[in-house]
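Structure, as structure tokens:
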Amino acid sequence: MGFARIVMVAVVAASIVSMASAIAGTATYYSPIVPSSCYGFEDRGTMVAAANPALFNNRAACGDRYTVQCTGPTNQGVPQPCRNGPITVTIVDLCPGCAADQIDLSEQAFNQIADPNAGRIRIEYNRV
């Protein structure tokens, strides 16, 4: 009985820490181009993203995985853009024009969490 309580407290604490450490930002999408800044001509699949310059940190983020969750719209065009739950993407490229809180998702990744007609969405993301 005591062990079950400890496990439950640990799970709740981990969930709270995970939610508290999520970064609020925005996401757009792009069609990944080969070669990528991180992996050249190596195909890394479709669940990939390009990081903003600060996050990319001169290729230090290459291969890092992030959980990304749509939290809402950024404009009036698509008032309810979010769909499905969070996704996990791997950083494979640099998005030189992205803002400090922005991630550029592959079109396939964006499509899993939001209506692509939105173009830009509010997100929360954190490193896995």
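The values are calculated or read from the model by the stated rules, or taken from the named source; none is laboratory data. Remember, it's a predicted structure, so these values are computed and weren't measured experimentally. Backbone-built Cβ (ideal geometry, glycine too); neighbour counts: all protein chains shown. The accessibility values were calculated without ligands, DNA or RNA, using every heavy atom of the protein model including side chains. Shrake-Rupley method; radii C 1.70, N 1.55, O 1.52, S 1.80 Å.
Would you pick out the residues in segment 51-70 that are among the aliphatic types (A, V, I, L, M) and either open to solvent by less than 10 Å² (accessible area, probe 1.4 Å) or over 16 Å from ALA100 (Cβ atoms) (or both)?
Within segment 51-70, the subset among the aliphatic types (A, V, I, L, M) is 51, 54-55, 60-61, 68.
Once the filter is applied, which keeps residues that are among the aliphatic types (A, V, I, L, M) and either open to solvent by less than 10 Å² (accessible area, probe 1.4 Å) or over 16 Å from ALA100 (Cβ atoms) (or both), segment 51-70 yields ALA51, ALA61, VAL68.
Identify, please: which residue in segment 34-72 is in a loop (DSSP other than H, G, I, E, B) and in contact (Cβ under 8 Å) with a residue 60 or more places away in the chain and is, among those, farthest from the chain's Cα centre (by Cα)? Steps first, answer last, please.
Of segment 34-72, the ones in a loop (DSSP other than H, G, I, E, B) are 34-35, 37-39, 41-47, 52, 57-64.
Among the residues that remain, those that are also in contact (Cβ under 8 Å) with a residue 60 or more places away in the chain are: 46-47, 64.
Working: THR46: 13, MET47: 10, ASP64: 11 Å.
This residue is THR46.
Can you find even one residue in segment 83-92 that is in contact (Cβ under 8 Å) with a residue 60 or more places away in the chain and surrounded by 16 or more Cβ atoms within 10 Å (Cβ to Cβ)?
Pass one, segment 83-92, residues in contact (Cβ under 8 Å) with a residue 60 or more places away in the chain: 92.
Now restrict to residues that are surrounded by 16 or more Cβ atoms within 10 Å (Cβ to Cβ): 92.
Yes, some residue in segment 83-92 is in contact (Cβ under 8 Å) with a residue 60 or more places away in the chain and surrounded by 16 or more Cβ atoms within 10 Å (Cβ to Cβ).
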